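Inspection log for the structure reproduced underneath, given as C-alpha cells.
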Amino acid sequence: MEIITVELLDRQYTITIGDGAWDQALACAEMYDKVFLITDENVAGLYGSQFSYPQYVMTPGEEGKTMETALAILDEMVRHSLTRNSLVLALGGGVVGDVAGFCGSVYMRGIDYVQIPTTLLAQVDSSIGGKTGVNTVYGKNLIGTFHQPQGVYIDPAVLNTLPKKEVVNGLGEVIKYGIIGDPDFFEYLKNHLHELLELKPQVVFDVLCQCCSIKAQIVAEDEKDQGERKILNFGHTIGHALEAVTEYKGYTHGEAVLIGMLYEARLANALGLLPGYGYEEIREVLETFDLNWSIQHLPEEAIFHVMMQDKKNCDGQISFILPIQPGQVQEMLLTPEQMRRWWRRIVS
Ligand code: ADP
Ligand code: ZN
C-alpha cells in the first residue's frame, strides 16, 4: 500500500493506493454522522454491494454531467437529512467524481467528500486536486468549484473490469505525466508500455504511484490553478480543440490528448525548443497506440477558433505547454497569426 500526501495551504489529505484501500475509505466514513454514496449504474452493478449507504445512481456517461443531475442529487441529500457532519462518497469515474464533488461543495455551503475513483483517468487525474463541475450546453465544466476531497482511495484491481477504450483514455494522461514531470518516469513508461496496456499489476501499481505523486506535487504548488498547474495542460490545447470540432464524438478525451501531444511535440520541435531525438522518443511512445493520427481533414479555422477561446490564454495569445525534452516542459505563447503559420507545417 502506498500513501501519498497532498499538501494544501490550510490542511493535507492523502491518496491511498493498493489492495485494501477501500477498507480505509470505509474506516474514514465511520467518522461521519451520515454517509451518502454517489455512483453510476455500471459501477453500482460491479462494486455497489461493497457499500451499504443510501445512494444516488447516475446514468453513466458525460451526458449525465449536468446541473439537472446535480439538483436531483442535492434533493436526495436533503431528503436523507444529511448534515454539515455528513460525508459524500464518490464511487466511479471522472464524471461521478466531478458531480459528487460539486454537490459536496454546495450542500449546506460545503460538506466533506471522499473520492473512490474506478477509472484509470480518474485515478491518475480527475480525483486529485479538487476541481468539481458540471457541463452546460455551451461547454464542458463551465459551472464548478474548487473543493478538495478529504481523501482519495484507489484500488488498482477495479481497472480489470474497465473496457479497453477506457484504459487508453486514462493512458493519455499517464503518458502526459511522463513527458511533463520526470525523465526517469518517461523512460520507465517507454520500457513498460505493453505491460501497462495488459494491466500487469506491478506495473499498474508503480504507474499509479508515480502519476499520483506528480499530480499531488503540482496541485500543492498551485491549489487554485493560477500558474504551475498549467503544465498539466500539455497536449490539451490541441486536444481540446480536436474534441470540440468533432463535437466530442470523434475522440475520447485520452485519444485527443495523445494526438494533441504528438502535434504539440511537433510544434515544439518546429520552434526549435525540442531537439529531433527528443521528438522521436516522444513520437515512438505515442505511436504505440493504434489511433488515427492524421488531423489534416479537420476544419482548420474551427480548430483555431477553439484554441483562441482557451481559458489559459493570455493577452490574446494562445498558451501552449511544450516539451523541451521528455520529462520537462515550458509554456510558450503564440499569437493567432504565428499559430496559423506553424499549423500548416506541423499537420502536413
Ligand atoms: P472518465 O473517468 O473517463 O471521466 P466516466 O466517469 O464517464 O469517465 O467513466 C467511463 C465509463 O466507465 C462509464 O461508463 C463508467 O460507468 C464506466 N466505469 C467506471 N469504472 C469502471 C470499472 N471499474 N469497470 C467498468 N466500468 C467502469
Ligand atoms: Zn485531460
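Do we have Glu280 as of a type in the set (D, E, K, R) and modelled with pLDDT of 95 or more here? Please lay out each step first, then the result.
Values: of a type in the set (D, E, K, R): yes; modelled with pLDDT of 95 or more: yes.
So Glu280 fits the description; yes.
Considering only residues that are over 17 Å from Pro299 (Cβ atoms) and near ligand 2 (Cβ under 9 Å from one of its atoms), which ones fall in region 233-259?
Hits for region 233-259 are Asn233, Gly235, His236, His253, Gly254, Val257.
Among the residues of region 2-13, are any touching a residue at least 60 places away in the same chain (Cβ under 8 Å), within 16 Å of ligand 2 (Cβ to nearest atom) and more than 19 Å from Gly130 (Cβ to Cβ)?
Within region 2-13, not a single residue is touching a residue at least 60 places away in the same chain (Cβ under 8 Å), within 16 Å of ligand 2 (Cβ to nearest atom) and more than 19 Å from Gly130 (Cβ to Cβ).
Anything in region 267-276 that is surrounded by fewer than 20 Cβ atoms within 10 Å (Cβ to Cβ) and either on the phi < 0 side of the Ramachandran plot or assigned to a helix (DSSP H, G or I) (or both)? List them, or say none.
Result: Ala270, Leu271, Leu273, Pro275, Gly276.
Go through region 277-302 residue by residue and tally those that are within 17 Å of Ile175 (Cα to Cα) and either within 16 Å of ligand 1 (Cβ to nearest atom) or open to solvent by less than 60 Å² (accessible area, probe 1.4 Å) (or both).
Of the residues in that region, 10 qualify.
So which of Gly239, Gly235 ends up being on the phi > 0 side of the Ramachandran plot and either away from ligand 1 (no atom under 16 Å from the Cβ) or crowded, with 21+ Cβ neighbours inside 10 Å (or both)?
Just a single option satisfies the conditions, and that option is Gly235.
Could you check, for region 114-124, whether at least one of its residues is modelled with pLDDT of 95 or more and surrounded by fewer than 22 Cβ atoms within 10 Å (Cβ to Cβ)?
There is no residue in region 114-124 that is modelled with pLDDT of 95 or more and surrounded by fewer than 22 Cβ atoms within 10 Å (Cβ to Cβ).
Looking at Leu208, Leu193, which is the one that is open to solvent by less than 10 Å² (accessible area, probe 1.4 Å), within 16 Å of ligand 1 (Cβ to nearest atom) and touching a residue at least 60 places away in the same chain (Cβ under 8 Å)?
From the options Leu208, Leu193, the qualifying one is Leu208.
Counting just the residues of region 151-190 that are polar (S, T, N, Q) and open to solvent by 60 Å² or more (accessible area, probe 1.4 Å), which one comes out farthest from ligand 1 (Cβ to nearest atom)? It would help to see each step written out before you state the result.
We begin by selecting, within region 151-190, every residue polar (S, T, N, Q); these are 160-161, 169.
Narrowing further to those that are open to solvent by 60 Å² or more (accessible area, probe 1.4 Å): 160-161.
Values: Asn160: 8, Thr161: 4 Å.
Out of the qualifying residues, it is Asn160.
The values are calculated or read from the model by the stated rules, or taken from the named source; none is laboratory data. Predicted model, so just to flag it, every value in this text is computed and none were measured. Don't worry about glycine lacking a Cβ; one is built from the backbone with ideal geometry, like all the others, and counts go over all protein chains shown. SASA here: full protein model, heavy atoms, side chains in, ligands and nucleic acids out. Shrake-Rupley method; radii C 1.70, N 1.55, O 1.52, S 1.80 Å.
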